[in-house]
Every structure is written in structure tokens, then in C-alpha cells.
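Each remark here refers to the structure printed beneath this line.
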Amino acid sequence: MKLLRYIIITLCCFVTIPGIAQNTESITIKHSPGTSTKNDVTTFLRDNSRQVHFVHKGINVYCDKAVYYPKEKFIEAYSKSPSRVRMIQGDTITMSADYVEYSTKTELAFAKGNVILTEPQSTLTTEKLHFDRLKQQAYYDVTGKVVRDTSGTITSQIGRYYMNTKKYQFVQDVVLVNPEYTLNTERLDFFTESGHAYIFGPSTIVSETDKIYCERGFYDTNEDFGYFERKAKIYYDNREIEGDSIYFDRKINFASATNNFKMTDTINKTVARGHYAEVWKAKDSLFITNRALVVTAQEEDSIYMHSDRFVVTGPPEHRITKSYYNAKIYKSDLAGKADSIHVDHKTGLAQMINLARFSNNDAFAIKRKPVLWNLGNQMTGDTIHLISNVETEKLDSLKVFNNAFLVSKDTLSEDGYNQVKGKFLVGLFRDNELYNVDIIKNAEVIYYNRNGKGELVGINKSKSGSINIQISNNNIDEIRLIQKVDGELSPESLFPKNTSRLKGFDWRGEERPNSVEDLFKDDPPLVLKKIKGLKDYVPPEDFFDEDLKERIKSAENKENTKAENKAARNLPKAKSDSNSKKEKPKLGQPLPSKKKTSGN
């Protein structure tokens, strides 16, 4: 009789737990060779070959021991080493742990002890995990780790997994470790199928060759590219890149920045600015446009260059800067303008060029010809080379090729100009001031000759094979005519007005930039590109929201209101923020508890 009774009980356990088959909260027992009931609590035990197996609404649970509380519709599942408690949902989600408890009323599960949650793209491990079957969400707040083969390993203090969208939300001390880089951030949304990561708060991505900082960003962990905003910066090879929006492609070592671009090169003491830039790290190449500006710091002064666009190439030890279209240069004692300016930072050679795309017959050809101002002297020609001493960082010499013209205003007359022209000009500098000028081949001069009191002695107009000029304190001290052809010194009253200008004379003082701001005075109005940008972080609804709280409350024992509500016993306790200036970010909100309870 005892054997027959045992067989009947066992057969019943293969189908349902007695007394709850008629409602949707029923648990179906698939296998339980050992069953006992005491004080209305049923215990199920495994045998030597198989674990206890029960099912609720399509979720399969395997364990070594299960304890079922029928009044609360609550079950506890235990394991013994080396076996584990396993919860399997469909063919995609599996959770294993040392211990699991589950309420059929709330459909809320709690797992602890070496918890592992796996889905096709990732594996989550933690010590404690809450799983809401209705919302299809899992939540932890005791440090968790997610491993995804192609993306790396992600750890955080708090995490949440949305099964329907296959998205993780990580909060507080988030670290993503990839073989190529390490990401540290405060909040990270990660989609397991696409490998897309959305970054929020102060964040860094560090590799062996570079470092990225931003406070909002996106990164494709599969394709290795991303977008970064909010104080975005990239650091590499003693260079710092900033911009309102930065795109970065790790595979090709390429970055572009839009609006308020700035690159600081500490080796070459150079700062580059603009509102759009492209950086090719492997090629040591930089392209800048939209109010482009390059500033080279010197010991006592800085040189500012502006043009429509810049191309900077070459390694730090041999950097080349090329500025195109309406290029200008400014420093306290020097200014210049040309269609294009090319600078070799290793040799100190700056070439001011009128591009060949313009014909000499062009109505604006003269305005496009290079012009250089040093203190009160203006020099023009088809091409100008300005050479600096790279060690002393001071001007050394200059060369003007073809149609060389040197002009300076006579300091005392109303419209008098000292003028020297020829085919070539070679000038020498001392302490950044022009002190010696040689005009070579077909030289001509008009010079206002004054005595020591500043009185005009006469106006010298001469032609010569070449001319040497000595200058001090911005004044011409001496003019030497070499291989003189003809010339004369005339009183001002006898000097013909119609011959007071040499052929090709063009005083361009109104074009001279006298400040950094003047470099931009010819530019069209600045219109920054509108950046759509990434969406702001939207805090999620609490995991323990009002809906879940109501479900937990409804799980109370109606017959004995003083009895423990087992569905609520493992909810996280509220953390006091009295010693903290700001609240720590959380993805879940613990349910207030009226009394202390102990859980398994």
C-alpha cells in the first residue's frame, strides 16, 4: 500500500502541483522522484540521474531541490555542487545560479551565487540578479561582468538587460576592456546584436597609441569607429585634438572634427584652429578649413597664419604647412599676404606664392601677388621667400623673385614714398628688423633724402644695375648705386609729380593685418554647420517601478497579513545619501520595506 501511494503521488507530480492546476499561476512538475509535504509546504528532490524539472509559462527550471509555498505561489530552488540551478527561456536565454527563488504571482525571479545569464551574443556574470519575466528585464547592483567575443568585457557596479531590445544599460564605474583599447565611463548603453555603445558622462577610451575623452559619445565596437561630443578630445603623439563633434575611425587612424576645432602640438609649439578638420595619423597629415588659423609660438612672440584651408604634413621633426587661398601671416613686427604660403618648419623657409592659376592679365592679379610688411617697409614680388633661424626663432633673411618692389612711406611728407624696384631683392634681418637690402638687376629708386634735422634735401631718382640699402630704426640710412646708369637729386619744387611713382608702384597698406582679428576681416560671415548630435541620456524607469511594487504587494499572504512576503524579501535596501554630495546613479529603485526580513 505504501508503494502504491508513492507511485500515485509521483505521477501527480509529473503533471502539476496539486491545487493550482485551474489558474494561470500553476507550475507544472516535469520530473521529481522525491516529494514530501509538511505544514502545507511541498519539497521536491532529485534522484541520482536527473534534477528536479518544473515549468511555468514556458520557462523551464532545473534544480537539485525545490521548496514550494502554495499560499504565496512561491518556489525556492537549490543546487548542490557541481550541479546548478538553471532557468531556460526559449532557446535564447539561460540563467544559472547556486540559488533561485521565483514568485508565480509577480513573475519576478531572484538568483544569487555565481549567477550566469547567457544569450546568443553575450554572457553576464554577477553575484545577485533580479529577473522580471513580464518586462523581460534583468537587473543587478552588486557588480557584474558582460563578455561579448567581438567587443570585449564590460564591468559595472549596476546593470540592466532588456531582452526584447537586446540592450544592456551599465551605470557607475563602467569599464569596457577590448584587446585594442579600454573604455571607462559613468553610463553605457550597449546593444549586443550590433555592438553599438552609447557613452554618457565623463569618459575615456585609451589604447597604446591614443586617448579619447568625451562626455557623450557613440562607438561601434564591431567596426571600430565612433562619434564624440561634449568636451571631446583626442590625444596622440604629444598632440591634443578638440572639437564640438569628433569622428574617429581606429582601423584607418583617421579623425575629423566639426566646429571649434583645435589641435595643440607641444613638440612644434603649434596650435591649429578651424571649424572643420581631418587628421590622418598614419600619414602625419592634417587638413583644416573654415576660418583656419595656425599659431606657432616663439620665445618672445607668436606667428599667426590664416587662409581658406591648411594642409599640414610630415612627422614632428620635419613638418610642412601649406595654406591656400587668401593666405595671411601676422606677428607684432611682421605681416604678409599671398595666394598661398608654404612653410618648412625644419628649414625655417616660408614661401609666399601667387598661384599659377591666375594670369598676369587678371584685373586682380596685383592684389593676389605676395606682399610682406616689416615695420614700415612693404615688399612685393611674384614670389617671396622668408627664412627664419630655427634655433633662435628669429627672422634671418628674405628673397623676392621677379618684379621685386620695396616701398616705405616718407615719414614727414604727406604723400611721399621711398621706392626701390628691380628683378630680385635680397634682405637681411637683425633682431627681426630689416637692416640690409640688395636690389639686383634693372634697379630703380626714388628716395626722399633728408639731413640730420629731418629737412628734405632733395628727391633722388636713379637707375642702376643694382642697389644696396642700409636701414636702421625703420629709416634708410644709405643708398649705394652699383653700376649706375643715370640719376639726379632734385629739389621737391622741381620734382615732377607725375614721376613720383615708379612703374608697378602699388601701396597696399590698407590690406595689412594689424592684429589677429584683422586676419579674418575679408572672410565671409561665419556660419557654423549645425550638428544634429547624439541624443541626451534619458534615465530609464526604475526596475522596481510602481507596476512591480503593486505586483509584489499583491503577493502578500491574504490569510496571514503578518506573514513574510517572500516576493519582497530580496529587494535591494535603500542606500542613504546623507554622506554624499550627490546621489549615485541607479537603474533600479528599492521597494521601501516596513520591517527587516532575511532571505536565502
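The values are calculated or read from the model by the stated rules, or taken from the named source; none is laboratory data. What you see is a predicted model, and the numbers here were worked out from it, not measured in a lab. Virtual Cβ from ideal backbone geometry, glycine too; neighbours counted across all protein chains shown. Heavy atoms of the whole protein, side chains included, go into the accessibility calculation; ligands, DNA and RNA do not. Shrake-Rupley method; radii C 1.70, N 1.55, O 1.52, S 1.80 Å.
When the charge dipole of the chain is built from unit charges on Cβ atoms (+1 for Lys and Arg, -1 for Asp and Glu) and taken about the Cα centre, the candidate among L176, Q157, T123 whose Cα reaches farthest toward its positive end is T123.
Taking a point 7 Å from the Cα of K463 along the Cα-to-Cβ direction, the residues of region 483-513 with backbone N closer than 13 Å to it are 484-488, 503.
Note on surface exposure: E511, E223 rank E223, E511 by accessible area, highest first, 1.4 Å probe.
Per-residue surface analysis assigns T182 an accessible area of about 40 Å², computed on protein heavy atoms at 1.4 Å probe radius.
Grab the beta carbon distance between S285 and D382, set R0 = 25 Å, and tell me the FRET efficiency rounded to 0.05. Rounded to the nearest 0.05, the efficiency is 0.30. Calculated on the alpha-carbon coordinates, the convex hull of region 283-341 measures out at 75 cubic angstrom per residue. Rolling a 1.4 Å probe over the protein chains gives Y99 an accessible area of about 10 Å². The three principal axes of the Cα atoms in region 111-229 give end-to-end lengths of 41, 24, 23 Å, sorted in falling order. Go ahead and collect, in residue order, the members of region 281-304 whose backbone nitrogen is under 20 Å from a label point 7 Å along the Cα-Cβ direction of N259. The answer is 288-293, whose backbone nitrogens lie closer than 20 Å to the label point.
Net length available on complete extension from L349 to N184 is 55.0 nm, with 0.36 nm assigned per residue and the Cα-Cα distance removed. Between E391 and T411, the distance separating the two model label sites (each 7 Å from Cα on the Cα→Cβ line) works out to 3.4 nm.
Past 18 Å, Cα to Cα: identify those pairs from K328/K369; K262/K532; K331/K521; K71/K105, in the order given. K262/K532, as the Cα separations exceed 18 Å there. Applying both filters, DSSP loop and at most 15 other Cβ atoms within 10 Å, to the GluC sites (Glu not before Pro) of region 106-195 gives E180, E193.
G217 sits among other residues whose Cβ lies under 13 Å from its own Cβ, and their net charge, with Lys and Arg +1 and Asp and Glu -1, is -1.
Taken one residue at a time, the phi angles of region 496-506 give Karplus couplings (6.51, -1.76, 1.60, θ = phi - 60°) of x, 4, 6, 10, 7, 10, 6, 4, x, 4, 7 Hz. Gly and Pro are set to x.
Placing a label point 7 Å from the Cα of D237 along the Cα-to-Cβ direction, the residues of region 268-285 whose backbone N falls under 19 Å from that point are 268-273, 277-285.
Our analysis of region 394-488 gives Rg over Rh at 0.96, with the two radii drawn from alpha carbon positions and Rh computed by the Kirkwood formula. When R46, R84, R273 are compared by accessible area at a 1.4 angstrom probe, the order from most to least is R273, R46, R84. Ligands, DNA and RNA left out, the 1.4 Å accessible surface of the chain is 50% carbon and sulfur atoms.
Entry note, the chain: the mean residue ellipticity at 222 nm calculated from DSSP H runs of n ≥ 4, each adding -39500 (n - 2.57), is -1000 deg cm²/dmol after division by the residues and rounding to the nearest 500.
Excluding ligands, DNA and RNA, the accessible surface per residue across the chain is 50 Å² with a 1.4 Å probe. Against the main long axis of the alpha-carbon atoms of the chain, helix 2-13 sits at an angle near 30°. Converting phi to 3J(HN,Hα) with the Karplus coefficients 6.51, -1.76 and 1.60 and the offset θ = phi - 60°, region 274-289 yields x, 10, 7, 8, 10, 10, 10, 5, 4, 9, 6, 10, 9, 10, 10, 8 Hz in sequence order, with x at every glycine or proline.
Using Cβ point charges alone (K and R +1, D and E -1), the dipole size of the chain about the Cα centre works out to roughly 2520 debye. Using 0.36 nm per residue and subtracting the Cα-Cα separation, the extra length available between R480 and N449 on full extension is 9.9 nm. Applying the Kirkwood pairwise sum to the alpha-carbon positions of region 502-570 produces a hydrodynamic radius of 20.3 angstrom. For region 497-579, the Cβ-based charge dipole about the Cα centre amounts to some 320 debye (Lys, Arg positive; Asp, Glu negative; other atoms uncharged). Full extension of the chain between D224 and E300 yields a length gain of 23.0 nm, computed as 0.36 nm times the residue separation minus the alpha carbon distance.
With a simple spin-label model that places each label point 7 Å from the Cα along the Cα-to-Cβ direction, the separation between K530 and S83 comes to 6.4 nm. The coefficient of translational diffusion for the chain, derived via Stokes-Einstein from the alpha carbon Kirkwood radius under 20 °C and 1.002 mPa s, stands at 69 µm²/s.
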